[in-house]
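Below is one structure, written out as structure tokens; the observations come after it.
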Amino acid sequence: SFFPLYPTGRPREDLHVEMLVLGEDFLMNGYVLGCKETGKGAVVDPGFDAEKLLKAIESANLEIELIVLTHGHADHIGALSEISQATGASALINKADMPLLGGLNTKIEGTLVEGETVAVGNQEFVVRSTAGHTAGGMSLIHREVAFVGDALFAGSLGGTKNIGDYEQQRRAVSQNLLSLDEGVTLYPGHGPATTVGEERANNP
């Protein structure tokens, strides 16, 4: 009965955000984001379809400096090697998810740490833990948008393996995501974009 009002998000004056539905049999959302003032950019969760991501980067005329992984599941890192090679960008993930990467851990050049700030041009994102779906699940929070990986979806929560992980994730989402301004757009790893206000009102 609930579907978000702006399922691909809304245009922002100073921030470029492009949601790309990637994959064939199994779909996920990867993102190209950039600072409109400086032309610097980042890729969030390059799960599949490196060519599609690279075309979006070229179309937006962005210089990609970072690749940010919200967590280490295979469907969020499948095109990491190709995007790393094509852009020369540094890839970041929380260290707790490094074991999930297998051989791709050689592509990681930095870590996402709770409370630190990641800069994309003149745009700043605060790193917040949203662990539970994975041990090192992280969200990137801007004053207008948040990239939340598989921590939270429109109308639901990301899957967990046990009740302890579920409770951890539910607390993290409540404290670090649903506490944000109601107008903040939430960009998840699967399904439509939503907002903090819509999730407060509709998410069970």
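The values are calculated or read from the model by the stated rules, or taken from the named source; none is laboratory data. Note that this is a predicted model, so its numbers are computed, not measured. Please note: Cβ atoms are built from the backbone with ideal geometry, for glycine as well, and neighbour counts cover all protein chains shown. Note: accessible area is taken over every heavy atom of the protein model, side chains too, but ligands, DNA and RNA are not part of it. Shrake-Rupley method; radii C 1.70, N 1.55, O 1.52, S 1.80 Å.
Here are a few things to note about the model shown:
- Longest to shortest principal axis, alpha-carbon extents of segment 81-158, angstrom: 35, 31, 21
- Where Cα atoms sit under 20 Å apart: lysine pairs in segment 1-130 separated by 8 or more or lying on different chains: 4
- Taking the average, over residues, of other Cβ atoms within 10 Å as the packing measure, peptides 115-127, 57-69 rank 57-69, 115-127 from highest down.
- Semi-axis lengths (Å, descending) of the ellipsoid that matches the C-alpha gyration tensor of segment 68-115: 16, 13, 9
- Radius of gyration over Kirkwood radius for segment 135-182, both on Cα atoms: the Rg/Rh ratio is 0.95.
- Translational D in µm²/s for the chain (Stokes-Einstein at 10 °C, 1.306 mPa s, Kirkwood Rh from C-alpha pairs): 96
- Across all Cα atoms of segment 1-106, the radius of gyration (one decimal) and Dmax (whole number) stand at 14.0, 44 Å.
- Estimated from the Cβ-Cβ distance and a Förster radius of 41 angstrom, the FRET efficiency linking R12 and I163 is about 0.60.
- Spin-label zone in segment 172-197 - amide nitrogen under 16 Å from a point set 7 Å from the Cα of R143 along the C-beta vector: 180-185
- With every protein chain in place, segment 58-204: carbon and sulfur % of accessible area (1.4 Å): 46
- Modelled label positions at E182 and F3, each set 7 Å beyond Cα in the direction of Cβ, lie 2.3 nm from each other.
- Residue-averaged [θ]222 nm for the chain, counting only DSSP H segments that reach four residues, each worth -39500 (n - 2.57): -6000 deg cm²/dmol
- Centroid-to-centroid separation of segment 1-39 and segment 97-162 [C-alpha atoms, Å]: 16
- Pairwise FRET efficiency - F26 versus S81, Cβ, R0 = 25 Å, nearest 0.05: 0.85
- Stretchable slack from A201 to V126, in nm (0.36 nm times residue separation minus alpha-carbon distance): 24.5 nm
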